[in-house]
Amino acid sequence: MDNNGKKLVLGGLVALVCLLVVGFAAFGSQLTIKGTARVSTAWDVHISSIIANNLVGGAQNVSAAVGEGGLSATFETDLKNPGDSVTYTVTVVNDGTVAAKLSDIKFYQTQDQTPANKPAITYSYSQDKIDTSDHAKLAAGEEITFDVTVKFTDDYNAEDFTEVNIENELEMILTYVQDTTE
């Protein structure tokens, strides 16, 4: 092979390499995806009000107040005679952006509610409005109201009064969790 043939073959190889580089650049791409994600939900389920209503007999509402941040509500009632009662309407609101549901209710009283003990004061709440079934769900912006009633037992005998059984404290704990069924 003479010099012209070698130059021609070498030139052909250089042209082929250049063609391969251009072809690779034309058919190859580098893709880059960048992004930022941020959770912007807010959890805000709280007690917005507690209002004394339906005072029966000589019963008096001494106080009813929502605690700081709406995470508690307290009331104090003065019951004078058997049959007296006060019903408090409690409103729970979901001001957040996440749906909530009531997962648990705990209802504690300092006095045993058995017939053997027969306390002077009993508590009850409207179970038809608040329980852990589907209708106790709170979508964002919704509220639910329920009643808590404190009552001086109708048939309580005044001779049975003792310091132990004329005062009964209540603690009711409502546990709301995120509703993941929506």
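The values are calculated or read from the model by the stated rules, or taken from the named source; none is laboratory data. In this text, all values refer to a predicted model and were calculated from it rather than measured experimentally. All Cβ positions, even for glycine, are placed from backbone atoms using ideal geometry, and neighbour counts span all protein chains on display.
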**Complete:** Gly141 meets each of (1) modelled with pLDDT of 90 or more; (2) closer than 19 Å to Asn53 by Cα; (3) assigned to a loop (DSSP other than H, G, I, E, B) with one exception, condition (2)
**Asked** Among (1) closer than 28 Å to Gln178 by Cβ; (2) assigned to a helix (DSSP H, G or I), where does Gly11 come up short?
**Response** (1)
**Of all residues in the stretch 144-182 being among the acidic types (Asp, Glu) and modelled with pLDDT of 75 or more, the one that is surrounded by the most Cβ atoms within 10 Å (Cβ to Cβ)** = Asp179
**Prompt:** Taking the stretch 67-94 as the region of interest, how many residues are buried (at least 16 other Cβ atoms within 10 Å of the Cβ) and either under 13 Å from the mean Cα position of the chain (by Cα) or under 27 Å from Ala139 (Cα atoms) (or both)?
**Reply:** 10
**Asked** For the stretch 7-63, which residues satisfy the criterion of being charged (D, E, K, R) and in contact (Cβ under 8 Å) with a residue 40 or more places away in the chain?
**Response** Asp44
